[in-house]
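Peer 1: What follows is a single structure, and I will ask about it in a moment.
The values are calculated or read from the model by the stated rules, or taken from the named source; none is laboratory data. Everything quoted here is computed from the prediction, not taken from an experiment. Heads up, the Cβs are rebuilt from the backbone with ideal geometry, glycines too, and the neighbour counts pull from every protein chain shown. With ligands, DNA and RNA removed, areas are computed over all heavy atoms of the protein, side chains included. Shrake-Rupley method; radii C 1.70, N 1.55, O 1.52, S 1.80 Å.
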Amino acid sequence: MKVKLQVADEIQAYVMDMHTDAGTLWYAEGDRLRCVACGHRCLIGEGMRGICKVRFVRDGQLRVPWGYVAGLQCDPVEKKPFFHVYPSSDALTFGMLGCDLHCPYCQNWETSQASATPPPGVPSNRSRQPTGGLARREKARLVVSSYNEPLITAEWAVAVFREATAAGLTCAFVSNGNATPEVLDYLRPWIKAYKVDLKSFDDKHYRTLGTTLANVTETIRMVHARGIWLEVVTLVIPDFNDSPEELRAAARFIASVSRDIPGT
């Protein structure tokens, strides 16, 4: 069984690696590359991968996911969930594969944890690309990057957003909030709204998911400081983040950044 899973992972990596391009969000440190797409800021050597498993170094280049969608759906913007961005309108939402966290309750685990599951296949048919024309045909008002963690696929998201913006559409991000100043500055010209999952207000809990509370609270501050419309959502998980004290602490923090930030 272990051998079969190893083979499946190798096939999955091979298929995913076919759909990559040279990335932008990095800088060199000696003979390695520092990825700045997410808060892990992985220092990646030749032939190695970042924590997300989908960003890797080959021939001195940081290769990043490019040119495919693993999920594409047009549905109400409230399902993202954004409750104060063009209410009652539709959003064309696309996602890729991979994540920089490992939440055990993830509802999109088939795509977010793709490197740990049998190969799902990577749709690359150009007719399924999240284009501005498709959004218009679906009568969508927004184009949103979601389903997996879009920070680790930010270069492809921006390529999509450029076309969507030219078509007069509004673009948005639905993210776990484990960001960096570099990736937010990269996204800022193209997105009007950013939703952060504030998964807990306990650092020990956050570390079990794969990051720190400080990374996410700093992202909330940075998004707000950049003038991007921000909404914060906490999915309440019994016996994980549902204590009244923790929920009050989260609410106090959001209010300390701005009382105008919607929190749900």
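Peer 1: Return only the number of the condition from (1) buried (at least 19 other Cβ atoms within 10 Å of the Cβ); (2) outside any loop (DSSP other than H, G, I, E, B) that T211 does not satisfy.
Peer 2: Going through the list (1) buried (at least 19 other Cβ atoms within 10 Å of the Cβ); (2) outside any loop (DSSP other than H, G, I, E, B), T211 breaks only (2).
Peer 1: Filter the range 226-264 down to residues that are touching a Gly at 6+ places or on another chain (Cβ under 7 Å) and surrounded by fewer than 17 Cβ atoms within 10 Å (Cβ to Cβ), then give me how many there are.
Peer 2: Adding up the residues that qualify gives 1.
Peer 1: Evaluate the following for L101: is it in a strand (DSSP E or B), among the aliphatic types (A, V, I, L, M) and under 23 Å from R34 (Cα atoms)? Let's see the steps before the verdict.
Peer 2: Working: in a strand (DSSP E or B): no; among the aliphatic types (A, V, I, L, M): yes; under 23 Å from R34 (Cα atoms): yes.
No: the conditions fail for L101.
Peer 1: Take the range 54-70 and flag every residue that is out of contact with any Pro (no Cβ under 9 Å at 6 or more places or on another chain) and either under 16 Å from S112 (Cα atoms) or surrounded by fewer than 24 Cβ atoms within 10 Å (Cβ to Cβ) (or both).
Peer 2: Let us first name the residues in the range 54-70 that are out of contact with any Pro (no Cβ under 9 Å at 6 or more places or on another chain), namely 56-67.
The answer is V57, R58, D59, G60, Q61, R63, V64, P65, W66, G67.
Peer 1: What is the one condition in (1) at pLDDT below 95; (2) open to solvent by 50 Å² or more (accessible area, probe 1.4 Å); (3) of a type outside the set (K, R) that M48 does not satisfy?
Peer 2: Exception for M48: condition (1).
Peer 1: Looking at (1) of a type outside the set (A, V, I, L, M); (2) part of a loop (DSSP other than H, G, I, E, B); (3) touching a residue at least 60 places away in the same chain (Cβ under 8 Å), find the lone condition where D239 falls short.
Peer 2: (3)
Peer 1: While we're here: Got a number for residues in the range 155-205 being of a type in the set (V, I, T) and more than 22 Å from V233 (Cα to Cα)?
Peer 2: Initial filter on the range 155-205 (of a type in the set (V, I, T)): 158, 160, 165, 170, 174, 180, 183, 191, 196.
Now drop any that are not more than 22 Å from V233 (Cα to Cα), which leaves 158, 160, 165.
Residues that pass the stated criteria total 3.
Peer 1: Now for a separate question. Any idea which of (1) under 25 Å from G71 (Cβ atoms); (2) out of contact with any strand residue (DSSP E or B) (no Cβ under 9 Å at 6 or more places or on another chain) is the one P244 doesn't satisfy?
Peer 2: Of the numbered conditions (1) under 25 Å from G71 (Cβ atoms); (2) out of contact with any strand residue (DSSP E or B) (no Cβ under 9 Å at 6 or more places or on another chain), the odd one out for P244 is (1).
Peer 1: On to the next question. If you take the residues in the range 71-90 that are open to solvent by less than 50 Å² (accessible area, probe 1.4 Å), in a strand (DSSP E or B) and in contact (Cβ under 8 Å) with a residue 24 or more places away in the chain, which one is nearest to G263 (Cα to Cα)?
Peer 2: Residues of the range 71-90 that are open to solvent by less than 50 Å² (accessible area, probe 1.4 Å), as a first pass: 71-72, 74-75, 77, 80-82, 85, 89.
Next cut, in a strand (DSSP E or B) only: 71-72, 74-75.
Among the residues that remain, those that are also in contact (Cβ under 8 Å) with a residue 24 or more places away in the chain are: 71-72, 74.
Values: G71: 26, L72: 26, C74: 24 Å.
The residue in question is C74.
Peer 1: Looking only at the range 214-236, count how many residues are on the phi < 0 side of the Ramachandran plot and assigned to a loop (DSSP other than H, G, I, E, B).
Peer 2: Step one: list which residues in the range 214-236 are on the phi < 0 side of the Ramachandran plot, which gives 214-226, 228-236.
Those left that are additionally assigned to a loop (DSSP other than H, G, I, E, B): 226, 228, 234-236.
The number of residues fulfilling the criteria is 5.
Peer 1: Test T170 against the stated conditions and say whether it is at pLDDT 95 or above, open to solvent by less than 50 Å² (accessible area, probe 1.4 Å) and farther than 22 Å from S112 by Cβ. Talk me through it step by step, then tell me what you get.
Peer 2: Working: at pLDDT 95 or above: yes; open to solvent by less than 50 Å² (accessible area, probe 1.4 Å): yes; farther than 22 Å from S112 by Cβ: yes.
It is true that T170 is at pLDDT 95 or above, open to solvent by less than 50 Å² (accessible area, probe 1.4 Å) and farther than 22 Å from S112 by Cβ.
Peer 1: Further question: From Y147, Y194, which residue is open to solvent by less than 10 Å² (accessible area, probe 1.4 Å) and closer than 21 Å to L101 by Cβ?
Peer 2: Working: Y147 fails: open to solvent by less than 10 Å² (accessible area, probe 1.4 Å).
So the residue among Y147, Y194 that is open to solvent by less than 10 Å² (accessible area, probe 1.4 Å) and closer than 21 Å to L101 by Cβ is Y194.
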